[in-house]
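The structure appears below as structure tokens.
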Amino acid sequence: MSNSLQIFDPPDHPAVAPSYSQISVVSLGGTTKLISLAGQVGHDSATNTIPSSFIDQVRLALSNVDALLVAAGASKKDIISSRQYVVRMSQLSTEDFKALTDIVVAWFDRGRNGLKPPPDTLIGVESLAQTGGNGEYLFEIEVVAVVNG
């Protein structure tokens, strides 16, 4: 059973806290794997910074998902579900909400080879993980993927 589960952090994308890992990969039999990514926020691991702009955080979080998918041997076409968390979503401006939708749709369109976006849940929350004084996380996205082959 030990070969059927891998949990790890890519060297260039460490977990921000010791209480979790970035990626888990579970063998489902044969060459099929289930991949779960920790929720990704707008945190730049290289500079240890958090953009103040909601939209910049969305773009950075999606870029972080891209990096973790590659590290796990997957791509956007393998994503089977996603869950997005938005801090104080009811207070989000109309412009930011439209931009969020446009950015996420465009992100899913790139690399899915014409596949429709996967099922997605958008959840408004009061806050996300603490940042240790580096700013406030405003957006987080979790994805689950299945790779066959």
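Before moving on, here are some points about what is shown:
- Only Lys, Arg, Asp and Glu carry charge here, each on its Cβ (+1 for the first two, -1 for the last two); on that basis the stretch 39-141 has a dipole of about 360 debye about its Cα centre.
- Neighbour cut-off at most 15 other Cβ (10 Å), DSSP loop, trypsin sites (Lys or Arg not before Pro), the stretch 55-143: 88, 110
- C-alpha long axis of helix 54-71 to longest principal axis of the chain, angle in °: 10 degrees
- With neighbour counts taken as other beta-carbon atoms within 10 Å, the residues 93, 36 rank, fewest first, as 93, 36.
- When 49, 31 are sorted by how many other C-beta atoms sit within 10 angstrom of their C-beta, beginning with the fewest, the order is 31, 49.
- Of 54, 139, 97, the one that fluctuates the most in a GNM where the chain has Cα springs shorter than 10 Å: 97
- Under a Gaussian network description of the chain, with springs only between Cα atoms under 10 Å, the residue in 105, 65, 87 that fluctuates furthest is 105.
- Computed from label points 7 Å out along Cα-Cβ, the spacing between residue 126 and residue 49 is 3.1 nm.
- Additional length obtainable on full extension of the chain from residue 83 to residue 106, 0.36 nm per residue less Cα span: 6.6 nm
- For the pair residue 56 and residue 6, a Förster radius of 41 Å applied to the C-beta separation gives a FRET efficiency near 0.80, rounded to the nearest 0.05.
- Radius 12 Å from Cβ of residue 84, net charge of other residues (Lys, Arg +1; Asp, Glu -1): -2
- C-alpha center-to-center spacing [the stretch 53-86, the stretch 99-115] in angstrom: 11 Å
- Total lysine pairs under 18 Å (Cα atoms) in the chain, excluding pairs fewer than 8 apart on one chain: 4
- Full-extension gain in nm, residue 63 to residue 15, via 0.36 nm per residue minus C-alpha separation: 15.7 nm
- Between the residues 144, 4, 57, the greatest Cα displacement towards the positive end of the dipole of the chain, with unit charges on the Cβ of Lys, Arg, Asp and Glu, is found for 4.
- Across the stretch 97-113, rounded Karplus estimates of 3J(HN,Hα) from the backbone phi angles (6.51 cos²θ - 1.76 cosθ + 1.60, θ = phi - 60°) give 5, 5, 4, 4, 4, 4, 5, 5, 4, 5, 4, 5, 4, 6, x, 9, 6 Hz, Gly and Pro being marked x.
- Cα-based shape type of the stretch 1-105, given that a ≥ b ≥ c are square roots of the gyration tensor eigenvalues and the cut on a/c is 1.5: prolate
- Amide H to amide H distances under 5 Å link residue 120 with 82, where only residues 5 or more positions off or on other chains count and H is placed in the peptide plane.
- Legend: ranking of residues 66, 78 from fewest to most surrounding C-beta atoms inside 10 Å; resulting order 66, 78.
Coordinate-derived values only; no laboratory data. The structure displayed is predicted, hence computed values, not measured ones. As a convention, Cβ positions derive from the backbone with ideal geometry for all residues, glycine included, and neighbour counts pool all protein chains shown.
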